[in-house]
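Right, one structure below, let's go through it.
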Amino acid sequence: MSLSGTEFNIIKIFAESKEASLGLIADKAILTIGYAEYLCKYLVKGGYLELTPRGTYCLTLQGREALTGKTRQILWDQRTIQAIAQELAKQLGGTVFPRAGRKLKREVEPSAPARKAIMIKESFVDPMEPGIILKHSLSRKPKELRTSSVGIEKTLKALKKLK
Amino acid sequence: MIKKSLKSSKTQIGRGLDIGTAFIVCAEKKGQEVVFRSQRNAFFDIEHTDFTKQMLTKSKVNYIIQGKTLNVVGDEALKFANLFSKEARRPLNKGVISPSEKEALPMVELILKTVIGRPRYPGEILYFSIPGNPLDADFDTVYHKNIFAGFLKKLGYKPKSIYEGLAVIFSELADENFTGIGISFGAGMVNVCLACMSVPVFTFSVTKAGDWIDRQVAKALAETASRVCAIKENKLDLTKEKEVTKIEQALSIYYDNLLDYVVENIIAEFERSKKPSELDKPITIVLSGGSTCPKGFLERFKQVLRKSDFPLAVGKVKMAAEPLLSVAKGALVATLSDEENK
């Protein structure tokens, strides 16, 4: 999940304070409370923020990494790596870590993996959830401005002549 | 049946649509009249309570309920934003669907529905404006175009797209044989098209436009962009020299900067493209869009053009008859012309 500019602005608020209420976030990021709440929920879902029992938000480890630009480091010791490699070797039927001087014996002949045909869907795919029905007060048509169509008819004639 | 009877009637009918960052405008030909309908493409969310709902209903303010929030839609969204010193939210940013406002898509669809209405018969052709590919941003308009085409198909139309700059030429340059440069100074983008006898030579957009001016001024003066926008739309006069407020002064500076930027990009794009021989005669430049509305805009543009090393002979620089409506009108011309050729 990559962060948009506004989302990152929210993350940056936590550089100054460990915790922040929704009101403070909305105020500092110049957002409405509703929009700030929407973005915070999105960031909680993405693992960047967490909601405290006090109802405020704070950064998670992932959020701190996004703020400082660091990536998580997995520190494994040599023995663990060796154990994983041996397990992999067993499953793949190959040899890992050959002794010095010995050539690596290829035991499994590589075969070209079967390629899946790529299906391109040409019809339009509606990205919205189906069945969203919003309640609204937009029953009235917007204000209308009426002009004569003489100009348009003249334009159409000129276009027709050109073609 | 309905289609047949409508097609056989002498008066042409049809609709054209301008999907802009700030406004959605529909132009509809009804007999001897062209009817324009527009709605501001902005909303402002407030807490949904029975009281606020009642208050908005009584004040005849348009709203859409989405879960726990009540979204004030249209011009009132800007008024509410200024009242709370916050920013109004825009479903479109820089001329295309905003990646951070995907949840607003159902609302845009609803606004679209109220502005254009249902088709007269299934499969009615409707041209809608799309921006040219931006020269200064790393995105294209494919997603935007397909989403809106999808909305229109869902309503029963047969959607077709037209570049915003070309729509301006269709609307305003009939007397010049549809040859010249059409520029639409919108909120999210400035769209440019150079056409020769209605055929585009090049078309492009830049993402510095009205909203960019608002943001820069707001940043420089610690204001909200919504407030700057309201001042820009209601009382900016670019010819004013005395008693100029700080906001007006900053707006004037950024208008100059924007015009320089647009003219520079036209020159650069012209150098990249092949020049048709028909363009040896002086051409007309037509300006349209909401950001051209301040008094003195045309003169400012002419000044910038004179200063520049413009590669084409320019005969006339003029404003569109109705700057806010010319894109929708151009899209309507495209629809009617297409219907005629069917």
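The values are calculated or read from the model by the stated rules, or taken from the named source; none is laboratory data. It should be emphasised that the depicted structure is a prediction, and the values quoted were computed from it without experimental measurement. Cβ placement follows ideal geometry from the backbone for every residue including glycine, while neighbour counts extend to all protein chains displayed. For the accessible areas, the whole protein counts, side chains as well, though only heavy atoms, and no ligand, DNA or RNA atoms are used. Shrake-Rupley method; radii C 1.70, N 1.55, O 1.52, S 1.80 Å.
Descriptive notes on the structure:
- B:Met197, B:Met107, B:Met319, reordered so the largest accessible area comes first (probe 1.4 Å): B:Met197, B:Met319, B:Met107
- Prolate is the label for the range B:42-89, because the ratio a/c of its alpha-carbon gyration tensor axes (a ≥ b ≥ c) is 1.5 or higher and a/b is greater than b/c.
- Taking Lys and Arg as +1 and Asp and Glu as -1, the other residues whose beta-carbon sits under 15 Å from that of B:Thr141 total -2.
- Taking every protein chain into account, the accessible area of the protein assembly as shown amounts to 54 square angstrom per residue (probe 1.4 Å).
- Cα-Cα over 21 Å, subset of B:Lys30/B:Lys342; A:Lys161/B:Lys329; B:Lys274/B:Lys307; B:Lys29/B:Lys318; A:Lys28/B:Lys86: B:Lys274/B:Lys307; B:Lys29/B:Lys318
- Charge dipole of chain B (Cα centre as origin; +1 on each Lys and Arg Cβ, -1 on each Asp and Glu Cβ, all else neutral): 1120 debye, rounded to the nearest 20.
- Where both bridge residues fall in the protein assembly as shown, DSSP classifies roughly 70% of the beta bridges as antiparallel.
- Once the partner protein chains are put back, the range B:73-88 shows a loss of at least 40 square angstrom of accessible area, versus the chain by itself, at B:Lys86 (probe 1.4 Å, ligands and nucleic acids excluded).
- Helical mean residue ellipticity (222 nm; -39500 (n - 2.57) per DSSP H run of 4+; nearest 500) of chain B: -12500 deg cm²/dmol
- Using the Cβ-Cβ distance between B:Lys68 and B:Arg306 with R0 set to 45 Å, the FRET efficiency from 1/(1 + (r/R0)^6) comes to roughly 0.20.
- Chain B contacts chain A over a buried accessible area of about 4300 Å², both sides summed; the probe is 1.4 Å and only protein chains count.
- Theoretical FRET efficiency, 1/(1+(r/R0)^6), r = Cβ-Cβ of B:Ala321 and B:Glu271, R0 35 Å, to 0.05: 0.65
- The GNM of chain B, with springs linking C-alpha atoms under 10 angstrom apart, assigns the highest mean-square fluctuation among B:Ser129, B:Ser100, B:Ser59 to B:Ser59.
- Virtual paramagnetic centre 7 Å along Cα→Cβ of A:Leu162, amide N under 20 Å, in the range B:147-178: B:160-178
- The range B:269-341 and the range B:87-119: distance between their alpha carbon centers, rounded to Å: 27 Å
- Taken about its Cα centre, the range A:1-74 carries a charge dipole of about 200 debye when Lys and Arg each add +1 at the Cβ and Asp and Glu each add -1 at the Cβ.
- Approximating the spin labels as points 7 Å out from Cα along Cα→Cβ, the B:Phe139-to-A:Cys58 distance works out to 3.5 nm.
- Around the Cα centre of the protein assembly as shown, unit charges on the Cβ atoms of Lys, Arg, Asp and Glu (plus for the first two, minus for the last two) sum to a dipole of about 1360 debye.
- Sites B:Glu241 and A:Leu134 - FRET efficiency at Förster radius 56 Å, r taken between beta-carbons, to 0.05: 0.70
- Note on A:Lys90 and B:Arg120: their simple-model spin labels are 7.7 nm apart, each label 7 Å out from Cα toward Cβ.
- Among B:Ile65, B:Ala77, B:Gln39 the positive-end extreme of the charge dipole of the range B:4-97 (Cβ point charges): B:Gln39
- Lys/Arg +1, Asp/Glu -1 at C-beta; the range A:13-71 dipole; positive extreme among A:Ala29, A:Ser17, A:Gly69: A:Gly69
- Shape of chain B, Cα gyration tensor, a/c cut at 1.5: oblate
- Taking other residues whose beta carbon is less than 13 angstrom from the beta carbon of B:Ala328, and scoring Lys, Arg as +1 and Asp, Glu as -1, yields -2.
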